[in-house]
Amino acid sequence: MEYAISTWNFVRGTDSLSSFISASIDMGFNAVSFTPVQLLSMDRKASTRLRDQLSETDLSITLHADFTNTTEEIDRIIGVFGEKLRCISLDPRCRIDPAGEFFEPGTMLPLLEHLGRRSELTGISFGLEDFPIDGCALDRNAEALAGLLECSFFGALIDLGHMNLRIYTIPHFAEKGIDGYISGVPVPIFEVHVHDNWGNSDLHMPPGKGNLDLRAAASALRGRGFQGVSTIEI
């Protein structure tokens, strides 16, 4: 398993990225997670320096993008990271809901299908954050997702902080509990976001500072053979 730290919560601008990457290695992380805005603001020289620095490390990279990003922007980032890019997650930037009603095929499918085509060439896993979250969400969108489900690199990023909120506030998920929630994700999980809260607000606190049962979450992830990236997102 790989352990990542998100850069976007700690790094403003791009000048301190290099030192942050070095500090991440010193802290024991073997992966780092970026957002497109950090990378697209770089000029070519800065991108080359970042690529050269990463090539001298054993770090894997994850990218947390969203549907405001274009296929051209995603392709540019893939070109910077190359084989170090492990997975790309897309944030739908929407409210927490019980059954994935936020999925909008007209808006989301073009970029997902582009990533599907790229994944066959690059081996990069891709998918949405918290979707499809369970069989209900999958069933409601089965027709739109049919082509993606045939791709061996399609999966989901599961946010454990959001899971805690759902379990405490939505009966549909409260009945499942942590084990049922995680075991019920109907596609491969390639990354998890790790942060804590008290079940009533998305606080992004350090693990152990809220009431998220991390032992239960870790057990459920082991139970389904999770071998992806665990990203600290505080």
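May I ask you to give the percent of accessible area on segment 120-234 that is carbon plus sulfur, with a probe radius of 1.4 Å?
On segment 120-234, the fraction of accessible area on carbon and sulfur atoms equals 52 percent.
Lys/Arg Cβ at +1, Asp/Glu Cβ at -1, dipole of segment 65-108 taken about the Cα centre: which of Pro105, Thr70, Ser89 is farthest positive-ward?
Ser89
May I ask for the net charge around Ser22, where only other residues with Cβ less than 14 Å from the Cβ of Ser22 are counted and Lys, Arg are +1 while Asp, Glu are -1?
On the way: positive: Arg49; negative: Asp15, Asp26, Asp52, Glu56, Asp58.
Once all neighbours under 14 Å are counted, the net charge is -4.
List, in order, the whole-Hz ³J(HN,Hα) value for each residue of segment 43-59 obtained from phi through the Karplus relation with A = 6.51, B = -1.76, C = 1.60 and θ = phi - 60°; use x for Gly and Pro.
7, 4, 5, 5, 4, 5, 4, 5, 4, 5, 5, 5, 5, 8, 10, 9, 5
State to the nearest 20 debye the size of the charge dipole of the chain about its Cα centre, where the only charges are +1 on K and R beta carbons and -1 on D and E beta carbons.
400 debye
How would segment 99-206 be classified by its alpha-carbon gyration tensor: rounded, prolate or oblate, with rounded meaning a/c under 1.5 and the a/b versus b/c comparison settling the rest?
Taking the square roots of the gyration eigenvalues as a ≥ b ≥ c, segment 99-206 is prolate.
Under the rule a/c < 1.5 gives rounded, and otherwise a/b versus b/c splits prolate from oblate, where does segment 1-40 land using the Cα gyration tensor?
Taking the square roots of the gyration eigenvalues as a ≥ b ≥ c, segment 1-40 is oblate.
What does the C-alpha gyration tensor say about the overall shape of segment 153-211? Classify as rounded when a/c is under 1.5, otherwise prolate if a/b is larger than b/c, or oblate.
Oblate.
What accessible area per residue comes out for the chain, rounded to a whole number of Å², with a 1.4 Å probe?
It amounts to 46 Å² per residue over the chain.
If you line up the long axis of helix 71-81 against the longest principal axis of the chain, both from Cα atoms, how many degrees apart are they, to the nearest 10?
The angle comes out near 60 degrees.
Which residue, Cys151, Pro171, Asn211, has the largest displacement toward the positive end of the dipole of the chain when charges sit on each Cβ (Lys, Arg +1; Asp, Glu -1)?
Toward the positive end, the furthest listed residue is Asn211.
Out of the DSSP beta bridges found with both residues in segment 110-230, what percent are antiparallel (nearest 5)?
Details: 2 of 11 bridges.
Restricted to segment 110-230, the bridges split so that about 20 percent are antiparallel.
Mind listing P(r) for segment 8-129? All alpha-carbon pairs, 10 Å bins, whole percents.
Calculated over all Cα pairs of segment 8-129, the distribution is 12, 43, 32, 12, 1 percent.
Could you pull the Rg and Dmax for segment 79-125, using just the Cα atoms, both in Å?
13.0, 37
The values are calculated or read from the model by the stated rules, or taken from the named source; none is laboratory data. Keep in mind that what you see is a predicted model, and the values were worked out from it rather than measured. All Cβ positions, glycine included, derive from the backbone under ideal geometry; neighbour counts span all protein chains shown. Side chains are part of the model used for accessible areas, which takes the heavy atoms of the whole protein and leaves out ligands, DNA and RNA. Shrake-Rupley method; radii C 1.70, N 1.55, O 1.52, S 1.80 Å.
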